[in-house]
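Data block below; observations after.
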Amino acid sequence: MPDSTKAGGDRVSDLNAARPSGARSKAVDITADDARAMVDAVLAGYGLDPEKCSDLFGWRHVSVGSARGQVGVVERMKGVHYLVAVAPVLLLPEGEQVPSGFYELLLELNHDRTLSSHFSIHDGVVYVSLTRPIRGLDEAEVDDAVRTVMMVADGWDEELKRALDAFLNAVPRVVELPNIKMMPKEAQMVTAVLAHSDSHARDIFRYLMERWQRYDYVVDPAEAGIGLKIPLGDKSYSLASMGPSHGDSPALLILGWESLRKRRAFPAKAIDKYQKAVTKIIELTKVTESTAHIEVTESFDLESAKALLRAMRALAKEAQPERDDEPVTWPPNLPQMDIDVGDVTLANMRDTLLACEREVQNKFAVLIEGWAQAGGTVQCSKPGRIYLKFKTREHELPELGRLSHNFNLAVLAAPKGKKGPSIDVAWDLATSAYPYLDYVPDEVARFEAAVSELPGYHKHGTVTRLTVDEAFGPEHATKLLEAMLALKAAGGAT
């Protein structure tokens, strides 16, 4: 029977083990006093007297025209010293609650807009700072560190002031709270969400909260949004979350979607019925592997909110907490596979294979076990389709940047209606609009040639499919697996 356990890891230990020697090459010896002498030399080059611009704690204060900041050598860990350059950027308003959107902006800027420095907040002041070990330090790097923080501070001070003013001016100081039971801290978080939403979204959110609590379910305010939850055993489970608007984006209702299947507390038919009901209410703006989004605009009116509540209540009534704790069993009449997957995939994969004839089960098992044992990912979020996922190496992809990408290399589909079992295969992997494997075009060509020679191969529009019938035997499943593994060896992440 497949094992559903997962193993953790230690990132630093893994990195150390990956070094050929197990350790770094010998570092250039620099003492803290050496580093401080370099700082003083750089300040002298700016025309400053290091003694006159030092404070009691050893920080050197840089003041040249509009440039204001500090630079010093700090012992962050015992015996380990760092060069630190820091400059103030913006004084936050005293007594004002800074909107979360401003903090999100700082984090976004930290990703790639602050050179080698970063923004931080301390004692009501936004700073930009740069920290690096003194190992191998020279005067040019000290100068670069000071100039970097000054450059970022100078480049963003006015922009951040305007952004903060916009966030503060967009927040109503008083909002009408819903008529529900909540603690003072919860009321604060509800106020923050409603304050950052327009009047229509506030009305819809208040209505949903009041009705949900009246139904004896749980309204759970948090900083990121307001959860609408149901009790599930000794815990609770979120069906939806209400989030405020950000910039030009409207307020959102974020619904549990495929994630509903992960806890196994809801029967699959109940989830299917719920999803069908929701899609009839309003068009979903975004559907991910876990959630579905509804933009709370004028088109999502009070009648829409009532219909959504009816669908959520119907799903909530189907919850069976005891199902969530049931161990996943693997029937003895199914192929026994040595693989490591989670409980959700295990249960859904079992149900998918049970919907297939014995011969098809065996063919699918060849692919599932072979792919999993080669380090590939096997996923089955709901019964009917088993995904064999491919992870690329990190590479440059048009419009998406330099990333590693996951995609479905093969999808094993159980019979449905008049359609028999089949395997959907990813195609044009080196030449499509999203060429995930354009860095190994020859291997992609060999893979596609091997697949096209298999029985049941046909293309319909953008779908490349293998029909799994009597002509597609176990030996063909093995050939498909070999082609997949060769492609993985050539272009897969290591």
> How many nm separate the modelled label positions at GLN97 and THR329, each set 7 Å beyond the Cα in the direction of the Cβ?
Replying inline: 5.2 nm
> From the phi of every residue in region 228-233, what ³J(HN,Hα) in whole Hz does the Karplus formula 6.51 cos²θ - 1.76 cosθ + 1.60 yield, where θ is phi - 60° and glycine or proline is x?
Replying inline: 10, 10, 10, x, 9, x
> Pairing the Cα long axis of helix 139-169 with the longest principal axis of the chain, what angle in degrees results, from 0 to 90 and rounded to the nearest 10?
Replying inline: 70 degrees
> So what does the Cα-only Debye profile of the chain read at q = 0.08, 0.11, 0.13 Å⁻¹, as log10 I(q)/I(0), no solvent term?
Replying inline: -0.77, -1.15, -1.23
> Within region 343-491, what is the number of lysine pairs with alpha carbons under 17 Å apart, leaving out pairs fewer than eight places apart on the same chain?
Replying inline: 6
> Dividing the Cα radius of gyration by the Kirkwood radius, what Rg/Rh value follows for region 31-169?
Replying inline: 1.00
> Ranking THR462, THR285, THR392 by Cβ neighbours within 10 Å, fewest first, what do you get?
Replying inline: THR462, THR285, THR392
>> Run the numbers for GLU394 and ARG446: contour at 0.36 nm per residue of separation, minus the present Cα-Cα distance, in nm.
In response: 16.6 nm
> Under a plain spin-label model, where a point goes 7 Å from the Cα along Cα-to-Cβ, how far apart in nm are ASN110 and GLU357?
Replying inline: 5.8 nm
> Which number do you get for Rg(Cα) / (2.2 N^0.38 Å) in region 184-322?
Replying inline: 0.99
> Going toward the positive end of the dipole of the chain, with +1 on Lys and Arg Cβ and -1 on Asp and Glu Cβ, which of PRO50, HIS61, THR377 do you reach last?
Replying inline: THR377
>> At 222 nm, what value in deg cm²/dmol follows for the chain if DSSP H runs of at least 4 each add -39500 (n - 2.57) and the sum is divided by all its residues, to the nearest 500?
In response: -12000 deg cm²/dmol
> What aspartates and glutamates sit close enough to LYS306 to cross-link, taking a C-alpha to C-alpha distance under 14 Å and skipping anything fewer than 8 places away on the same chain?
Replying inline: ASP203, GLU210
> Quick one: PHE472, PHE57, fewest Cβ neighbours within 10 Å first, how do they rank?
Replying inline: PHE57, PHE472
>> Rounded to the nearest 5, what % of DSSP beta bridges with both residues in the chain are antiparallel?
In response: 100 percent
> Sorted by average packing, counted as other Cβ atoms within 10 angstrom per residue and highest first, what order do 82-93, 327-338 take?
Replying inline: 82-93, 327-338
> Using the per-residue mean of other Cβ atoms lying within 10 Å as a proxy for protection, in what order, highest first, do the peptides 201-208, 376-383 fall?
Replying inline: 201-208, 376-383
>> I need to check one value: relative contact order of region 31-169, counting alpha carbon pairs closer than 8 Å and at least 6 residues apart, in percent.
In response: 25 percent
> Which of HIS196, HIS61, HIS458 comes first, and how do the rest follow, when ranked by fewest Cβ neighbours within 10 Å?
Replying inline: HIS458, HIS61, HIS196
> Expressed in nm to one decimal, what extension gain is obtained for the pair LYS306 and ASP55 from 0.36 nm per residue of sequence separation less their Cα-Cα distance?
Replying inline: 84.0 nm
> Roughly what angle does helix 199-214 make with the longest principal axis of the chain, taking Cα atoms, 0 to 90 degrees, to the nearest 10?
Replying inline: 60 degrees
>> Give me the one-decimal nm value for the distance between modelled label points at LEU177 and TYR457, 7 Å along each residue's Cα-to-Cβ direction.
In response: 6.7 nm
>> Tell me the relative contact order for the chain as a rounded percent, counting alpha carbon contacts under 8 Å between residues six or more apart.
In response: 9 percent
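Values quoted throughout were computed directly from the atomic coordinates according to the rules given, and no laboratory measurement underlies them. All of these numbers come straight from a predicted model, not from anything done at the bench. Heads up, the Cβs are rebuilt from the backbone with ideal geometry, glycines too, and the neighbour counts pull from every protein chain shown.
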